[in-house]
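S.K.: One structure, as C-alpha cells, below. Some questions next.
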Amino acid sequence: MQQPDKLTVVIAHRDPFLSAGLARHLGNLAEFEPVVSSLGLGAVTTGSDFGDVVVADYDSGLRFLGSNGRWRDRVVIFTERESEASICHAVEQGVRGYLLLGCGVADVATAIRTVHEGGLALAPLVASRIAERIRWEKLTPSELDILRLLYFGLRNKEIALATSRATETVSTHVKAIFRKLNARSRTQAVMVARRRGILPEEVSDRTRPRANLCGGFRDGCGPSVPKPGGFTDQARLGSHFRQVTGEAPAAGRRVRWTQDSHLFPTGLVRE
C-alpha cells in the first residue's frame with residue numbers, strides 16, 4: 001500500500017529499457033512510488049486519484065497534455081528532442097517539465113518535485129533555447145525564400161536567377177539572414193534554421209527545387225521562374241543536375257533539358 005508521504009510517478013515512456021531503469025532508480029528513493037504505464041491513456045487518465053506526476057516521452061507527453069485531464073499540470077517530458085521548435089511547441093501546450101536524455105537521476109527527481117509543487121522544471125539547454133527564441137528577429141518573406149534556396153546549396157547568382165532578383169539584392173538578404181540567425185556561414189545558417197524549425201529536418205521531393213526548361217528553378221511551393229535563354233555551359237548544367245537529382249552525370253555524357261521540366265538520367269545524351 002502506498003505510504004501517504006510518497007509521490008506516485010507514472011512513467012509513460014516509449015522506451016521500455018529507459019522506463020524500467022527510471023522506475024528502478026526512482027524506486028530507490030524513499031519519496032517516490034514509480035508505476036510503469038503501457039502508454040495507453042485510458043488506464044491512466046480515467047483514474048482521477050491515480051498518480052501525482054507523469055514522466056513521458058515527447059509524443060506521449062503531448063497526448064497527456066491534450067487529454068484535458070488532471071495531468072495537464074503534472075507532465076514532465078523526458079526526450080532527446082532539443083530543437084527550439086519542439087521545445088517551444090511543448091511549452092505552448094502547457095508542459096511543466098522538460099528534460100533531455102543524459103541528465104542524472106537527481107535532475108529527474110528534482111523536476112518531479114518541482115512540477116508536483118506547481119513549478120517549472122526545465123533543463124539548462126531547454127531554458128536557453130526558450131530564451132533564444134524570445135530574442136528572435138523574424139525573417140521577412142523574401143529572406144525565407146532565399147534561405148530555402150540556400151538550404152539546397154544554391155549560390156547568390158543562381159538564387160538571383162531563380163527569384164528574378166539582382167545579385168546585389170540577394171547578397172543583402174543573405175547578410176541579413178546571417179545576422180538574424182547569428183550565423184557565420186551558409187551551413188551554419190541552415191543548421192540554426194533547422195534547429196529553430198524554420199526549415200525542415202529532411203529534404204523531400206516536394207520541397208526540392210526543380211529545374212525548368214529555361215534553366216530556372218521551380219520551388220515546390222511556388223511558380224517556375226525561368227531564366228531567359230537557359231544554361232548552355234555544360235559545367236553549370238552538370239552542377240544543376242547534381243543539385244536537382246542528387247546524382248552526378250555519367251562520364252562521357254552531356255546534360256540537356258528533358259521535356260517534362262525535370263532533369264532525369266533520361267535527359268542525358270552521349271556526345
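Nothing in this text is a laboratory measurement; each read-out follows from the coordinates by a stated rule. All of these numbers come straight from a predicted model, not from anything done at the bench. So basically every Cβ, Gly included, is an ideal-geometry build from the backbone, and we count neighbours across all protein chains shown.
S.K.: For a footprinting-style exposure proxy, rank Thr163, Thr8, Thr140 by other Cβ within 10 Å, fewest first. Before the final figure, lay out each step's value.
M.R.: Details: Thr163 21, Thr8 15, Thr140 12.
Fewest-to-most ranking of Thr163, Thr8, Thr140: Thr140, Thr8, Thr163.
S.K.: Most exposed first by the Cβ proxy, i.e. fewest other Cβ within 10 Å, how do Phe64, Phe17 rank?
M.R.: By the 10 Å Cβ count, ascending: Phe17, Phe64.
S.K.: Give the long-range amide H neighbours of Ala121: residues separated by 5 or more places, or on another chain, with amide H under 5 Å away, using H modelled in the peptide plane at 1.01 Å from N.
M.R.: Close amide H contacts, sequence-distant or interchain: Gly97, Tyr98.
S.K.: Here's a follow-up. For the stretch 7-134, compute Rh as the Kirkwood radius over C-alpha pairs and then the Stokes-Einstein diffusion coefficient at 4 °C and 1.567 mPa s; write the answer in µm²/s, rounded to an integer. Working shown, then result.
M.R.: Details: Rh = 14.3 Å.
In µm²/s, the coefficient is 91.
S.K.: Identify the chymotrypsin sites (Phe, Trp or Tyr not before Pro) of the stretch 122-191 meeting these criteria: DSSP loop state and at most 13 other C-beta atoms within 10 Å of the C-beta. Mind dumping the intermediate values first?
M.R.: Working: sites: Trp136, Tyr151, Phe152, Phe178; in loops: Trp136, Phe152.
Here the chymotrypsin sites (Phe, Trp or Tyr not before Pro) that fit, given the DSSP loop and packing criteria, are Trp136.
S.K.: Oh, and also: Please order Val35, Val108 by the number of other Cβ within 10 Å, starting at the fewest. Write down the numbers at each step before the final one.
M.R.: Working: Val35 18, Val108 22.
Ascending number of Cβ neighbours within 10 Å: Val35, Val108.
S.K.: Using modelled backbone amide H atoms (1.01 Å from N, in-plane), which distant-in-sequence or interchain residues come within less than 5 Å of Val36's amide H?
M.R.: Under 5 Å from the amide H of Val36 lie the amide H atoms of Ile11, each far enough along the sequence or on another chain.
S.K.: Apply the a/c threshold of 1.5 to the C-alpha gyration tensor of the stretch 46-205 and tell me whether it is rounded, prolate or oblate. Before the final figure, lay out each step's value.
M.R.: On the way: a/c = 3.30, a/b = 2.73, b/c = 1.21.
Note, shape of the stretch 46-205 comes out prolate.
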